[in-house]
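Here's the structure we're looking at; comments come further down.
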Amino acid sequence: MICRGRGAMGARGDQGNRDSIRSGRRTFAPAVLRLAVALAFLTGATGSAAAGMRVASTAVCADQFPLALADPGDIVGISVLGHDPAVSALAGRATTIPTLKADAETYLTAGADMVIGAEHGDTKTIVMLQRVGVQVLRVPSRNDFPEMMDQLATVGGRMGLPQAGRALADGTDRRLSAVRARTAGPPVVAAYYRPDGGSAGHGTFVDAEMRAGGYESLASHLGQSGWGRLDLETLVMHPPQAMVIAFFDRASVGISRRFTEHPAFRKMLSDVPVIAIPGAATACGNWTLVDGVEFLAATRGASALAASRPSPAPAGGGAP
């Protein structure tokens, strides 16, 4: 006789087995991750302590720190965009460095002692890495150069490379001082635009970059703060002395181009000098902006833009 049913005791027993399996999985996964950390330490620590930690990074702006400070042999991997010279200022140093998928298992397998990430995102990955003892450092964008230099020195210290961080910060300060000496006098008021019509007002790192290079963002000039749009009506009512555009070579076809294809915008591009700043020189709120500062200062001096047309009058209560 074949019994097709199972009694209550059998069902309870099977349920107990399933609960045990699930419980085992919950305890097994962290154990595997801890083992991975231990193995990564044992296999990666030899010979690297003097040069710094074995470091990985998760986003293009975070990538700049290991690329600038660490020996290539101590960088276990960076993000995809870290290799893209259109947005990564130090992409040229990344030719021999792997691209890593942004998940905890990948970083552990690669043997990272520290993972440097952006201010936001990758939360699940970051939490998992912290649970198993990997050092995690988030590097938010900074909006003025003193904060950027402090951050650079701090990150260098956390990476075990304090002298490299401080030296790079000091060198960047010297480059900024040299630019300031060449750009004394009234700034050129320029409308900064991204392809979607986005602009940068007071308190943004682009505003700080433009000021250091001898320009003033039109949005800031008109009393706007933070990131936002600078609409066409405002642009037409307050024509700038120049236009600074970024990422136009990367704009996708579609809604992001509708603003920049408007006749009023196209006319302004033909009426005033246009400076197309390289995306990599304005992508991240950190010390790499010094490249953009020097670029802007050079275009300002070469074109004598300050004398090209009168500065637009500030709006009393902000931009309309």
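Between residue 166 and residue 269, what is the FRET efficiency for a Förster distance of 35 Å, r being their Cβ-Cβ separation, to the nearest 0.05?
Numbers: r = 42 Å, r/R0 = 1.21.
Working from the Cβ atoms, E equals 0.25.
Anisotropy class assigned to the stretch 147-218 is oblate, per the alpha carbon gyration tensor with a/c at or over the 1.5 cut-off and a/b no larger than b/c.
Say a paramagnetic label sat at a point 7 Å from the Cα of residue 257, along Cα to Cβ; which residues of the stretch 172-204 have their backbone N under 15 Å from it? Only 195-197 fall inside the zone, counting backbone N under 15 Å. Kindly list the residues of the stretch 88-115 that lie in the label zone of residue 80, defined by a backbone N under 14 Å from the point 7 Å along the Cα-to-C-beta vector. Counting backbone N atoms under 14 Å from the label point, the list is 99-103. Determine the shape class of the stretch 185-307: with a ≥ b ≥ c the square roots of the Cα gyration tensor eigenvalues, call it rounded for a/c under 1.5, and otherwise prolate if a/b is greater than b/c, oblate otherwise. Cα axes put the stretch 185-307 in the rounded bin.
Listed from fewest to most Cβ neighbours within 10 Å, the set 194, 175 follows the order 175, 194. With a cut-off of 14 Å between beta carbons, the residues surrounding residue 263 carry a summed charge of +1, where Lys and Arg count +1 and Asp and Glu -1. Computed on the stretch 185-307, with alpha-carbon pairs under 8 angstrom and 6+ residues apart, the relative contact order is 31 percent.
Can you bin the stretch 51-140 into rounded, prolate or oblate? Criterion: square roots of the alpha carbon gyration tensor eigenvalues sorted a ≥ b ≥ c, rounded for a/c under 1.5, prolate for a/b above b/c, oblate for the rest.
Values: a/c = 1.76, a/b = 1.38, b/c = 1.28.
It comes out prolate by the Cα gyration axes.
All other residues with a Cβ under 12 Å from the Cβ of residue 165 taken together, and with Lys, Arg as +1 and Asp, Glu as -1, what is their net charge? Summing Lys/Arg as +1 and Asp/Glu as -1 gives 0.
Here, each number is a calculation from the coordinates, and none is a lab measurement. None of these values were measured; they are calculated from a predicted model. Heads up, the Cβs are rebuilt from the backbone with ideal geometry, glycines too, and the neighbour counts pull from every protein chain shown.
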